[in-house]
Amino acid sequence: MPGKIEDILEGKVFTFDITYVFLMIAMFFVAIPVLMIFLSVALPAKVNRWTNIIVATIFIPYMLFNLTGVAWLHMYFAAALEVILLCLIIRYAWKWPKQES
C-alpha cells in the first residue's frame, strides 16, 4: 500500500513502534498457525479439541483488528476467508466425537 514502506522505514506499523517486543509479538502470532498444525497431531483428542476452539476464538478478533485503518479489497477478502475458516475450525472441533480413554 502506498506510504507503508516509508512508515516501516521510519519505525512504525499502523500506530505501533517497531521494537524488539513488537517483532517478538508479531512472530508469536505468525508461529501459532504452524504450531497448531503440529499440535493437532501431537495432542490428545480432548486437549486438541479445546486448543482449536480457544485459539480460533482468539484469532477471529485479531484478524478483524488487522482491518482497522486503511484496508484494500484483498485484505477484506483474506480476512473474510480466514474468519470463515476459523468458524469452521470451531464448529468441527465442537462436533468432534467424544473418544473414550
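The values are calculated or read from the model by the stated rules, or taken from the named source; none is laboratory data. Treat the numbers as computed from the prediction; the structure is a model and nothing was measured. All Cβ positions, even for glycine, are placed from backbone atoms using ideal geometry, and neighbour counts span all protein chains on display.
Any idea which residue in segment 45-101 is nearest to residue 1 (Cα to Cα), counting only those that are hydroxyl-bearing (Ser, Thr, Tyr) and in a helix (DSSP H, G or I)?
Looking only at segment 45-101, we keep the residues that are hydroxyl-bearing (Ser, Thr, Tyr), and these are 51, 57, 62, 68, 76, 92, 101.
Among the residues that remain, those that are also in a helix (DSSP H, G or I) are: 51, 57, 62, 76, 92.
On the way: 51: 35, 57: 29, 62: 20, 76: 14, 92: 36 Å.
Only one residue tops the list, namely 76.
Mind listing just one residue for me: the one in segment 47-101 that is of a type in the set (Lys, Arg) and surrounded by fewer than 11 Cβ atoms within 10 Å (Cβ to Cβ) and, of those, modelled with the highest pLDDT?
Step one: filter segment 47-101 for residues of a type in the set (Lys, Arg), giving 49, 91, 95, 98.
From what is left, the residues that are surrounded by fewer than 11 Cβ atoms within 10 Å (Cβ to Cβ) are 95, 98.
Working: 95: 92, 98: 73.
Taking the candidates together, the pick is 95.
Considering only segment 30-44, how many residues are in a helix (DSSP H, G or I) and loosely packed, with under 12 Cβ neighbours inside 10 Å? If you could, list the steps in order and put the result at the bottom.
Of segment 30-44, the ones in a helix (DSSP H, G or I) are 30-42.
With the extra rule that they be loosely packed, with under 12 Cβ neighbours inside 10 Å, the set shrinks to 30-31, 33-34, 37-38, 41-42.
So the count comes out to 8.
Is there any pair linking a residue in segment 75-90 that is more than 13 Å from residue 65 (Cα to Cα) to one that is in a helix (DSSP H, G or I), with Cβ under 7 Å and at least six apart or on different chains, and which?
Pairs found: 86/56; 86/59; 86/60; 89/52; 89/56; 90/53; 90/56; 90/57.
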